[in-house]
Amino acid sequence: MLKITHPAVTRATVWNAFRRCHDVRLRERYHAVLLLFDGQTCPDIAKCLYRDEDTIRIWIHAVNEQGLEGLQRAPIPGRPS
């Protein structure tokens, strides 16, 4: 079972970030982390958000490695079209 292990990430910090976020995609990722804090399993979160379980796992691993910054979308490399 997955859990949040990053020391700087608490339910309160995720909740504050979720409330202040205007980016729909990032807000969905925060929502997944909040559901995990609330005791939901990875399959349950995936069903709730209509996402693949692997996607949820990727998000949780990113949080554990980099904190909430791990959920930010990386800039697309290369020259703009």
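Residues that are surrounded by fewer than 16 Cβ atoms within 10 Å (Cβ to Cβ) and either closer than 12 Å to L71 by Cα or in contact (Cβ under 8 Å) with a residue 40 or more places away in the chain (or both) within region 32-54 comprise just one, T41. Mind checking which residues of region 12-31 are in a helix (DSSP H, G or I), of a type outside the set (V, I, T) and exposed (fewer than 14 other Cβ atoms within 10 Å of the Cβ)? Correct list: A12, N16, R19, R20, R25. Listed by first and then second residue, the pairs linking a residue in region 1-30 that is free of Cβ contacts under 8 Å to residues at least 12 places away in the same chain to a residue that is of a type in the set (D, E, K, R), with Cβ atoms under 6 Å apart and 6 or more places separating them unless they lie on different chains, are C21/R27.
For region 67-81, the candidate set comprises residues that are assigned to a loop (DSSP other than H, G, I, E, B) and in contact (Cβ under 8 Å) with a residue 12 or more places away in the chain; within that set, the residue that is surrounded by the fewest Cβ atoms within 10 Å (Cβ to Cβ) is R73.
Only one of I76, I60 is farther than 20 Å from V9 by Cβ and either aliphatic (A, V, I, L, M) or within 12 Å of the chain's Cα centre (by Cα) (or both); which?
Selected residue: I76, the only one of I76, I60 that is farther than 20 Å from V9 by Cβ and either aliphatic (A, V, I, L, M) or within 12 Å of the chain's Cα centre (by Cα) (or both).
Read-outs: derived from the displayed coordinates by stated rules, not from any lab. Only a predicted model underlies this, so the values are computations on that prediction, with no experimental measurement involved. Don't worry about glycine lacking a Cβ; one is built from the backbone with ideal geometry, like all the others, and counts go over all protein chains shown.
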